[in-house]
Structure formats: structure tokens, C-alpha cells
1. Extent of the stretch 147-218 along each principal axis, from alpha carbon coordinates, in Å, largest to smallest?
2. Evaluate the relative contact order of the stretch 147-218 (contact order divided by residue number), counting alpha-carbon pairs under 8 angstrom at least 6 apart; express in whole percent.
3. So what is log10(I(q)/I(0)) for the stretch 15-70 at q = 0.17, 0.20, 0.25 1/Å, when the Debye sum runs over its Cα atoms only?
4. Taking the number of other C-beta atoms within 10 Å as the exposure measure, put 190, 171, 118 in order starting with the fewest.
5. Nearest 500 deg cm²/dmol is fine: what mean residue ellipticity at 222 nm does the chain get from its DSSP H runs of n ≥ 4 alone, each adding -39,500 (n - 2.57), divided by its residue count?
6. Using a Förster distance of 35 angstrom, determine the FRET efficiency expected from the C-beta separation of residue 146 and residue 31, and round it to 0.05.
7. With the calculation restricted to Cα positions, what are the radius of gyration and Dmax of the stretch 2-145 in angstrom?
8. I need 167, 140 ordered by Cβ neighbour count within 10 Å, fewest first.
């Protein structure tokens, strides 16, 4: 599978054959185990990565120890923070964790720098992905700063539920997803349960009032 990795990244399809051949020739395939720390604060990126399989979680901690998930990187995507640090020659200020086993194509920094400088198609590819992810980050900031937690929690439960309407996550994991404190999430889940919208167990939240949660998530109706 290593030899055809470029065909597994749809965004690379529009690049010229010369650029694709160079990426193939100068890159290497790396595999990372589930739960491994891929990068962290104080480190400087040496490669530009395209994720081929799996999911990476990028998160940040406040000075008080509160954790928030900034975004996830799925197959076919690259990391906006890595892009920013490569362009600015700066260290990471957040960390990335492999949520699953990861397979990725690592492009050396020297190759990245040269293609960014001399290849307009590659530059457009990188900055298109960069702009889209920055827009996602702005939405995260807006949600944390201005949106009510009950609305965000209702939407997150709907997003994370499985086919049995169950969300397999602890209160702390939900707090991390939403950039809140575990105690705050626990109180809000208790209120949802009191209203008959969910049933909360150890590490699992089962949705029992989908319509009510969806109405709250969409309309911002008051509790």
C-alpha cells in the first residue's frame, strides 16, 4: 500500500505528475500506534503530514489544566497547526494524540519549503486546507466564548451518538470536547436526565428525548 499513497489523498489529484512523483520519491510512510503523542508544546515540526488512515486529535491545555479539543485530522487531511509552525518556523503550542492507529505520509520540511515557494498548485492546496481549518477553529472559539453550554452539549450528544442512541464517553471526555469543566458538564447532564432527555450511566449517556435535544440544539430555547 505504501507505493500508492498519493492516490489515497484526493486533494493531490489536481497536482501535476512531476509534483506527485517528487512527493512520492521524497516522502516516507510512518505508522503510529493508538494513543501515541505525535507532537507537543515546545517541539518544532520536521515534516508535513498527510493522514492516510486513522484519526488524530489536536488539543490544548490552559494554565489551569483545562483541556479543549481544537480539531481532528482524518484520512486525506493535513494539520493546520503543523502548516502554521512550518511557515513561521515556530514550535507547537498544542499537542496531537493518535485516537486510532495512524498511517501517514511524512514530507520532509525541505521539500515542503521548496514546493510552497516554487509550486503554485501545491501552495494553493496547502492554503485551501489551511483556510478551511482556520474557519473551523474560529467556530470553536465562537462556540466556547459566546454559545450556551446546554446548547453545545445537546448538539455534541447528538453528534456522538451511535445507532442505539448511546454516547460512549465519560463526563470528563465530554468536558474536554466542549472546553468546559467536568463538574459543569455533570450538572448539565443531571438536568437533561431530570427532564427525561437522557439516561446517564458509567461512561455511557443514552439519549431518550431526541426531539427535545434537537430542538434545544437548533433553536437555542431556554431550559
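1. 26, 26, 21
2. Once divided by the residue count of the stretch 147-218, the mean separation gives 38 percent.
3. -0.77, -0.94, -1.18
4. 118, 190, 171
5. Value at 222 nm, helices only, nearest 500: -14000 deg cm²/dmol.
6. Numbers: r = 40 Å, r/R0 = 1.15.
According to the calculation, E is roughly 0.30.
7. 15.1, 49
8. The order, fewest Cβ neighbours first, is 140, 167.
The numbers here are math on the coordinates, done by the rules we state, and not lab data. Since the model is a prediction, treat every value here as computed from it, not as a measurement. Don't worry about glycine lacking a Cβ; one is built from the backbone with ideal geometry, like all the others, and counts go over all protein chains shown.
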